[in-house]
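K.L.:
Please read through the structure below; I'll follow up with questions.
The values are calculated or read from the model by the stated rules, or taken from the named source; none is laboratory data. Keep in mind it's a predicted model, so treat the numbers as computed, not measured. Cβ placement follows ideal geometry from the backbone for every residue including glycine, while neighbour counts extend to all protein chains displayed. Keep in mind that these areas ignore ligands, DNA and RNA; they rest on the heavy atoms of the full protein, side chains included. Shrake-Rupley method; radii C 1.70, N 1.55, O 1.52, S 1.80 Å.
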Amino acid sequence: MLLALHTGLLWLSTSGLWTVQAKDSDADLSVRSQHRDLAPNNVDFAFGLYKHLVALTPGKNVFISPVSISTALAMLSLGAHGYARAQLLQGLGFNLTDMSEAKIHQGFRHLHRLLRESDTTLEITMGNALFLNQSLELLESFSAATKLYYDLDTVVTDFQDWARAHKQINEHIKNKTQGKIVDLFSELDSPAMLILVNYIFFKGTWAHPFDLASTKEENFYVNETTLVKVPMMFQSNNIKYLNDPVLPCQLVQLDYMGNGTVFLVLPDKGQIDTVIEALSRDTIQSTVDLYIPKVSISGAFDLGGLLEDMGIADLLANQANFSGITQEAHLKVSKVIHKATLQLDEKGAEEATPTGVTQNVASEPLSVHFNRPFVVMIFDNFTWSSLFLVKVVDPTQASTFPRATAWSDFRHQEPHRKDM
């Protein structure tokens, strides 16, 4: 499974701003405790955001990286003042009476490092970069805090020459991700004065790869009236399987080499929204013949109104105070957009030596066909982080968006100017 994500873009029109994220090698018990303190809040926020987005986009594919969005918004809170700062963190599910801001950011710091460094069998590239117009100056407090907690790179850019600036940004992100994320911006994008980018690229190797020779074209039933042809992957193996006694669905667990775990949820016919609404962190062995579509899907979602519904009501409001970022005091977030791409294929540990089909001679294996809308949940089981949540309605659904991006827009507040 290949996942590329560029998450959390925040711009300012005199100030623009974007955002993305990341593993730790010498983690001791205290470090683990700190990052795992975030896990319940991050997972609750993940499912809440996912459910809201699914409800707003019926009949559409949905793909988000919740841990990226949480990291982006937490980092943004370091530049907010007053109620806007508290609201951002509370909207992410944190109780500031029980957990201090310092502990929250310290937790994200360790989470960032652990995801990036602790598992050599997963390929995860995460980071944060801020592109600052040469006429602006970051406040020392914001610069120091974002560097300490989020390892933020700062790059001075001439946004008056957008043709040159967008190439500089694209080249920086391309180099940081070893060529995995390219062409983030185009000349058609609106220039800004400050752009904060949070990016993530993820590639996992199946612990038990699918049999390449068994991939065949089959039917996928999008709904009662729509049928599409998809390449269907196959493996027969000892796979963790649950036929949920309460929810109308079947659940299959697949593992990557290392810390990655994938839950594939197949709702009963017509029940996908019911199942998604009931998902929570409390939801989760037998031999299974497993059929899963080979897919590559993309999506882009404006999260501004969604976050407002989830309690971060003033993020887009004029009164929100983001004067803690630069000397320019009157900055306004005008939109928050999240883009991402998922690629799911057969690749296993050794592509040159494909694993053959495993036969179970003791009993007839259960056959599970993911040939109708289903859910994919990808977790890092060391940090308990929800890396990606996906709703696949149509595996052939095309997207015109570039791979793995998400952003939110900051605009300079001017009384005579109309909000965007």
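K.L.:
Where residues in region 370-401 are at pLDDT below 85 and out of contact with any strand residue (DSSP E or B) (no Cβ under 7 Å at 6 or more places or on another chain), which of them is nearest to G107 (Cα to Cα)?
P.N.:
T383
K.L.:
Any residue at all in region 222-234 that is farther than 29 Å from F382 by Cβ, among the hydrophobic types (A, V, I, L, M, F, W, C), open to solvent by 30 Å² or more (accessible area, probe 1.4 Å) and assigned to a strand (DSSP E or B)?
P.N.:
Here is the first cut: in region 222-234, the residues farther than 29 Å from F382 by Cβ are 222-232, 234.
Keeping just the survivors that are among the hydrophobic types (A, V, I, L, M, F, W, C) gives 222, 227-228, 230, 232, 234.
Add one more test, that the residue is open to solvent by 30 Å² or more (accessible area, probe 1.4 Å), and what stays is 227.
Going one step further and asking which of them are assigned to a strand (DSSP E or B), we end up with 227.
Yes, there is a match, as at least one residue in region 222-234 is farther than 29 Å from F382 by Cβ, among the hydrophobic types (A, V, I, L, M, F, W, C), open to solvent by 30 Å² or more (accessible area, probe 1.4 Å) and assigned to a strand (DSSP E or B).
K.L.:
Scan region 238-246 and tell me whether some residue there is surrounded by 20 or more Cβ atoms within 10 Å (Cβ to Cβ), at pLDDT below 90 and more than 21 Å from K60 (Cβ to Cβ).
P.N.:
From region 238-246, those surrounded by 20 or more Cβ atoms within 10 Å (Cβ to Cβ) are 239; that's our starting set.
When the remaining residues are screened for being at pLDDT below 90, the result is 239.
Now restrict to residues that are more than 21 Å from K60 (Cβ to Cβ): 239.
Scanning region 238-246, I find at least one residue that is surrounded by 20 or more Cβ atoms within 10 Å (Cβ to Cβ), at pLDDT below 90 and more than 21 Å from K60 (Cβ to Cβ), so the answer is yes.
K.L.:
Is there a residue being assigned to a strand (DSSP E or B), modelled with pLDDT under 90 and open to solvent by less than 40 Å² (accessible area, probe 1.4 Å) anywhere in region 205-213?
P.N.:
Yes, because at least one residue in region 205-213 is assigned to a strand (DSSP E or B), modelled with pLDDT under 90 and open to solvent by less than 40 Å² (accessible area, probe 1.4 Å).
K.L.:
Same structure again: Does region 281-296 contain at least one residue that is assigned to a strand (DSSP E or B), of a type outside the set (S, T, N, Q), at pLDDT below 90 and open to solvent by 10 Å² or more (accessible area, probe 1.4 Å)?
P.N.:
yes
K.L.:
Pick out, from region 63-164, the helices (runs of 4 or more DSSP H) lying fully within it that include 1 or more residues that are modelled with pLDDT under 90 and of a type in the set (S, T, Y).
P.N.:
Result: 66-77, 82-91.
K.L.:
Take the residues in region 25-39 that are open to solvent by less than 50 Å² (accessible area, probe 1.4 Å) and either under 16 Å from L387 (Cβ atoms) or among the β-branched types (V, I, T) (or both), then tell me which one is modelled with the lowest pLDDT.
P.N.:
Among residues in region 25-39 that are open to solvent by less than 50 Å² (accessible area, probe 1.4 Å) and either under 16 Å from L387 (Cβ atoms) or among the β-branched types (V, I, T) (or both), the one modelled with the lowest pLDDT is V31.
K.L.:
I'd like to check something: does region 118-127 contain any residue that is out of contact with any Leu (no Cβ under 8 Å at 6 or more places or on another chain) and farther than 18 Å from F201 by Cα?
P.N.:
no
K.L.:
Right, another one. Any chance you could count how many residues in region 169-184 are more than 19 Å from the chain's Cα centre (by Cα) and buried (at least 16 other Cβ atoms within 10 Å of the Cβ)?
P.N.:
3
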